[in-house]
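Only one structure is covered here, and it is reproduced in the block below.
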Amino acid sequence: MNLTGIDEEELAGAVRRGLKDHWQMFVVQGILLAILGALAIAVPVIASVAFAAFFGWLLFFAGVFRGIALVRAPHAPGYLPSLLLAILAACVGIIIALFPLQGAVTLTMLLTAYFIVHGIASFMFAFAIKGDTGRWVWVLLGGLIDLALAGLVIAGWPQSSQYILGLYVGISLLFAGCTLVFAALDAREA
C-alpha cells in the first residue's frame, strides 16, 4: 500500500481480471477505434474538421458549465478570474465549433508549437539524464521526432493545416485500437 491508500498490486489484479472477463468487448472497441483511425487517415481533411468541431463544442460546454457553477458560488476564491476564463472558453469554443476549418488551422498551429516546445524540452531532458541512464537516447529520439513533425507541418504550411490534425488523430486512434485488441487477446489467454 502506498501513501494514497491504494494497493497497487490489488488494483493491477482488478484491471487484469476486468480485461480477461470482458476481453470480447475490448476487442470490439479496439476494432472500432482502428476502423475510425483508418477512416481518419483516409480522409484527413474531414477528420480535421470533425475533430475541430468536436473540440470546439467540448470547450464551449466546459466554459458554460464552469460559468454556471461559478454563478452559483459568487464568493468562491478566484471568482472573477475563473468567470472570465469560463467566458473565454465558451467564446473560443463556439467560434471553433462554428468555424471548424479555421479551427483546425488554429489547432494545428497550437499542435505544432507544442511539438517544438516538447522537442526542445526532450533534448534538454535527455542531456540532463545522460549520465544516469543509457536510455537517454530514446528521449533524444522522441524530441527529434517531435521537431521533425513540426518541421513537416511548417514546410507544408498552409496546406498541411487542412489535413495534419486529422492525420494525427487517425494515427492515434489506429494505434490505440490495435493496442486494445492485442491487450484483450493476450488477457483472454492469461
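For the stretch 143-190, the convex hull spanned by the alpha carbon atoms encloses 62 Å³ per residue.
Largest GNM mean-square fluctuation across LEU110, LEU11, LEU85, computed for the chain with C-alpha springs under 10 Å, falls on LEU11. Ordering of 95-104, 117-126 by packing is 95-104, 117-126, highest average first (other Cβ atoms within 10 Å, averaged per residue). When all alpha carbon pairs of the stretch 47-98 are counted in 5 Å bins from zero, the resulting P(r) reads 5, 25, 25, 17, 12, 8, 5, 2, 0 %. Hull volume per residue, based on the alpha-carbon atoms of the stretch 100-158 and their convex hull, is 59 Å³. For the pair ALA155 and ARG72, the difference between a 0.36 nm per residue extended length and the Cα-Cα distance amounts to 25.0 nm.
For the chain, modelled as a GNM whose springs connect Cα atoms under 10 angstrom apart, the maximal fluctuation among ASP21, ASP132, ASP146 occurs at ASP132. For the chain, set up a Gaussian network in which alpha carbons nearer than 10 Å are linked by springs, and say which option among VAL92, VAL15, VAL105 fluctuates the most. So, out of VAL92, VAL15, VAL105, the one fluctuating most is VAL15.
Quotient of the Cα radius of gyration of the stretch 54-129 and 2.2 N^0.38 Å, N being its number of residues: 1.48.
In terms of the Cα gyration tensor, with a ≥ b ≥ c the square roots of its eigenvalues, is the stretch 24-154 rounded because a/c is under 1.5, prolate because a/b exceeds b/c, or oblate? Oblate.
Taken one residue at a time, the phi angles of the stretch 131-147 give Karplus couplings (6.51, -1.76, 1.60, θ = phi - 60°) of x, 9, 8, x, 8, 4, 5, 5, 5, 4, 4, x, x, 5, 5, 4, 5 Hz. Gly and Pro are set to x. Here the Karplus curve 6.51 cos²θ - 1.76 cosθ + 1.60, taken at θ = phi - 60°, turns the phi angles of the stretch 59-76 into couplings of 5, 4, 5, 4, x, 5, 5, 5, x, 4, 4, 6, 4, 7, 9, x, 9, 5 Hz, with x standing for Gly and Pro.
Each value in this text was obtained by applying a stated rule to the coordinates, not by laboratory testing. In this text the structure is predicted, and so the values were computed from the model without any measurement. When we count neighbours, we look across all protein chains shown, and the Cβ atoms used for this are built from the backbone with ideal geometry, even at glycine.
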